[in-house]
Amino acid sequence: MSNEALSNLLHEERRFAPPAEFAAAANVTAEAYAAAEADRLAFWETQARRLHWAEPWTETLDWSDAPFAKWFVGGKLNVAYNCVDRHVEAGHGEQVAIHFEGEPGDSRSITYAELQREVSKAANALTSLGVVAGDRVAIYMPMIPETVVAMLACARIGAPHSVVFAAFAPDALRSRIDDAGAKVLITADGYNRRGSVANLKPNADAGVEGAETLEKVLVVRRTGHEVPWNAERDVWWHELVDAQSDQHTPEAFDAEHPLFILYTSGTTGKPKGILHTSGGYLTQASYTHHAVFDLKPDTDVYWCTADVGWVTGHSYIVYGPLSNRVTQVLYEGTPDTPHQGRFWENVQKYKISLLYTAPTAIRTFMKWGESIPAKFDLSSLRLLGSVGEPINPEAWIWYREFIGGGRCPIVDTWWQTETGSIMISPLPGVTETKPGSAMTPLPGISANVVEQDGTVVPNGGGGFLVLDKPWPSMLRGIWGDPQRYKDTYWSRFAEQGYYFAGDGAKKDEDGHLWLLGRVDDIMLVSGHNISTTEVESALVSHPKVAEAAVVGAKDEITGQRIVAFVILRGGNAEDEGLDDELKAHVSKALGPIAKPKQIQFVAELPKTRSGKIMRRLLKDVAEDRAIGDTTTLADSTVMDLIASKLPHAA
Ligand code: WT7
């Protein structure tokens, strides 16, 4: 980014105060900000006490070896005990923990008492395979209850897990097994995807082929189809786990005992194994879930639509929610199987009250049209969450109106694999929200926006988002590469000691934060920094547009020119003149400098498997060169379609 601050800010006047009834009953009130402000460490100690500790800590934060943090030094706890056993011991064994909904429509409900027995059996099974505390276990699993059981079983015996998204190719699995030095892999025969059976076992086999540290592969039977089998290495879950005792005594581990490694692909280089530990991670995952989702364990039904292969699944399907005694839905499949109303059918069936999903999904629902959710009873919903990308104000409004019935607070939650838990978000019973803004850091969290040289930008300015104080669920490093940890996150603002998040952000006149996407995506047009997010949001604010992706393509005169790829809302055609209408619309919203030079209507956009738009590939198209690495693309045919539509540069 050049020194000149981002010059555009979408003007947004709409404000939404929390409904009075919601505010009156909210788990967390404005008082939390004051408490954290008065004494940040004491505030986190209070939140840590929401958990069960086998031994108390002696020091809240040891930052003497910064940027390597230690939280709750000397404390001991068992993460799985906190997520399962303590609820059973408190008399909630019969409460449903997980309502599992398979894609074909099969379902089963698992109580906390059952979960305790399953996790205990799985812990005993892993022990019987020779797994001891500190050994790494790779998990390559679909969205089924055994995946949650497997993660908790690892946590229970102190074996850090490394979950690898089931749709990743064998190479990705292999590099993660090798980097983590995993001893055991837990996988499944397959899963249901878009009405057919996806094979997982052959990919798992290819992924472990020759992996030197790997000893055993534990296989869950989900689909029952025939799979290749290596009798020396492979063990069926239903044979080994089901035969174990359902009694298991959890051992307390140090607060800084590694809980999991999760690989982020990043933009370049080999994936980084982000390391999270136990006490601080669980404290913040648990507190933020309680505060941001306002979970009432006796009455709410919660659904986070993420995959457990992402950090969202770790923190907001497994550790945060279960530590708070959630009743939640776990769904195996896709939003459009067998029909485009499947999510809303799930909400209606389970009377879901708290829903957490991603902007990419919301924009897809906009494209499909509001008549689809309108067919279902969504009156159980009382709060909506968003994560993964900036949410365009218009997508926010659509979500509020057509899913939330105009009555549900929306929490736009900013965080990262590295932060472990939510960092910036409204509090649903406190914050008057602005569509498109993640608002302010949560109580106990400190963030800022700075210039290139680290000076803090005033209200109304834009720059780099930084986290300027350590937080309990911060990453503890990159597995096996402490230098890369320092270089990637702490070298940019080394002098100030800030964590560099890699995102651009703006502070509006009230000091509220607007996330502008990755710094690498910010465009430079005639000397002006322009955020892709803002131009995309301006496009989505046109009533005919469902989704847009914007890139800066090389231009001899202006440095970069803005090229937009646009998906229309259901029922709209690419009428003649729409192109100019959209350009004029952006120009009016952001100023002529932000007006796209070129607009291309497309049916799909290239996205990663976690739903983020891959602008890098669109840039290749816009600059008329061979399309780069598409291996992390969710659907590789999308690029051919887009490339074939764009007129080549003369
Ligand atoms: C990056 C982190 C956090 C779990 C899922 C993604 C972007 C995430 C928001 C948001 C604007 C967001 C950022 C961030 N991001 N949430 N609410 N508003 N941007 O985890 O894969 O580690 O990605 O996602 O760019 O840096 P991740």
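Any read-out appearing in this document is the output of simple, stated calculations on the displayed coordinates, not a laboratory observation. Model, not experiment: these values are computed from the prediction. Glycine also receives a Cβ, built like all others from the backbone with ideal geometry; neighbour counts cover every protein chain displayed.
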Note to self: If I model a spin label as a point 7 Å beyond the Cα along the Cα-Cβ vector, how far apart are those points for GLU31 and ASP298 in nm?
What the structure shows: 2.0
Check: Listing SER353, SER491 from the residue with the fewest other Cβ atoms within 10 Å to the one with the most, what is the order?
Finding: SER491, SER353
Next item on the list: Would you calculate a helix-derived [θ] at 222 nm for the chain, using -39,500 (n - 2.57) for each DSSP H run of n ≥ 4 and dividing by the full residue count, to the nearest 500?
Entry: -7000 deg cm²/dmol
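For the residues HIS339, HIS585, HIS289, what sequence is obtained by ranking on other C-beta atoms within 10 Å, fewest first?
So the ranking, lowest neighbour count to highest, is HIS339, HIS585, HIS289.
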Item checked: Potential lengthening between THR46 and ASP640 on full extension [0.36 nm per residue; Cα-Cα distance subtracted] -> 208.5 nm
Notebook entry, point to check: Where in segment 56-85 does the amide nitrogen come within less than 12 Å of the point 7 Å from the Cα of LYS486, taken along Cα to Cβ?
Noted result: 65-68
Next item on the list: Under 1.5 on a/c is rounded, so check that first for segment 288-347, then, if it is not, pick prolate when a/b is larger than b/c and oblate when it is not; a ≥ b ≥ c are the square roots of the alpha carbon gyration tensor eigenvalues.
Entry: oblate
Margin query: Which of the three applies to segment 36-171, rounded, prolate or oblate, going by the alpha-carbon gyration tensor with a ≥ b ≥ c and a/c under 1.5 meaning rounded?
Written below: prolate
Notebook entry, point to check: Going 7 Å from the Cα of ASN572 toward and past its Cβ, which residues in segment 353-386 have a backbone nitrogen under 20 Å from where you end up?
Noted result: 359-374
Next item on the list: Work out, step by step, the length gained on full extension between THR334 and PHE376: first 0.36 nm times the residue separation, then minus their alpha carbon distance; give nm to one decimal.
Entry: 13.4 nm
Item checked: Cα convex hull of segment 64-144 - mean projected area over all directions, nm² -> 8.5
Checklist line | Cut-off 12 Å between beta-carbons: net charge of the residues surrounding GLN328, Lys and Arg +1, Asp and Glu -1 | finding: -1
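For segment 460-532, what is the Kirkwood estimate of the hydrodynamic radius, computed as the reciprocal of the mean inverse distance between distinct Cα atoms, to one decimal in Å?
The answer is 13.8 Å.
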Note to self: Let me understand segment 449-574 better: what is its radius of gyration from the alpha carbons, and its Dmax, in angstrom?
What the structure shows: 17.8, 54
Item checked: Two-site label geometry, GLU94 and GLU509: point separation in nm, points 7 Å out along Cα→Cβ -> 5.8
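Beyond 33 Å, what percent of the Cα pairs of the chain remain? Walk me through the intermediate numbers first.
On the way: 95031 of 210925 pairs.
In whole percent, the long-distance tail amounts to 45.
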Margin query: Under 5 Å between amide hydrogens, which residues at least 5 positions from VAL545 or on another chain qualify, with H placed 1.01 Å from N in the peptide plane?
Written below: ARG569
Next item on the list: At q = 0.11, 0.14, 0.20 Å⁻¹, what is the base-10 log of I(q)/I(0) for segment 232-312 according to the Debye formula with one equal point scatterer per Cα and no solvent? Please give it to two decimals.
Entry: -0.56, -0.89, -1.16
Note to self: Taking R0 as 56 Å, what FRET efficiency do you get between LEU524 and GLU21 from their Cβ-Cβ distance, rounded to the nearest 0.05?
What the structure shows: 0.75
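Counting pairs of alpha carbon atoms under 8 Å apart in space and at least six apart in sequence, what relative contact order in percent does segment 239-358 give? Each step should come with its number before you reach the end.
Working: 132 pairs, mean separation 26.9, N = 120.
About 22 percent, as a whole number.
What shape does segment 515-641 take by its C-alpha gyration tensor, where a ≥ b ≥ c are the square roots of the eigenvalues and a/c under 1.5 counts as rounded, a/b above b/c as prolate, and the rest as oblate? Write out the running numbers ahead of the final one.
Values: a/c = 1.56, a/b = 1.10, b/c = 1.42.
In terms of gyration-tensor shape, oblate.
How much length, in nm to one decimal, is gained on full extension between GLU581 and ASP629, taken as 0.36 nm per residue of separation minus their Cα-Cα distance? List each step's numbers first, then the result.
Working: separation 48, 0.36 × 48 = 17.28 nm, distance 3.39 nm.
Residue separation times 0.36 nm, minus the Cα-Cα distance, leaves 13.9 nm.
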Next item on the list: Could you tell me what % of all Cα pairs in segment 157-266 have separations over 19 Å?
Entry: 52
Check: In whole percent, what relative contact order does the chain give with Cα contacts below 8 Å and a gap of six or more residues?
Finding: 14
Checklist line | Neighbourhood charge, 13 Å Cβ-Cβ cut-off, centred on GLY105 and excluding it, Lys, Arg +1 and Asp, Glu -1 | finding: -2
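Which value in Å does the Kirkwood hydrodynamic radius of segment 282-432 take, with 1/r averaged over all unlike C-alpha pairs and then inverted?
Working: mean 1/r = 0.0654 Å⁻¹.
For segment 282-432, inverting the mean 1/r across all distinct Cα pairs yields 15.3 Å.
How big is the Kirkwood radius of segment 221-279, worked out from every pair of different alpha carbons and given in Å to one decimal? Show your work: numbers first, answer last.
Values: mean 1/r = 0.0627 Å⁻¹.
Value: 16.0 Å, from the Cα pair sum.
For Cα pairs less than 8 Å apart in space and 6+ apart in sequence, what is the mean separation divided by the residue count of segment 364-476, i.e. the relative contact order in percent? Please report the intermediate quantities before stating the final value.
Numbers: 158 pairs, mean separation 21.8, N = 113.
Taking the mean separation of contacting Cα pairs over the length of segment 364-476, I get 19 percent.
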Item checked: segment 374-517 - Rg and Dmax from Cα coordinates, angstrom -> 16.8, 56
Check: Convex hull over the Cα atoms of segment 584-650, averaged projected area in nm²?
Finding: 5.5
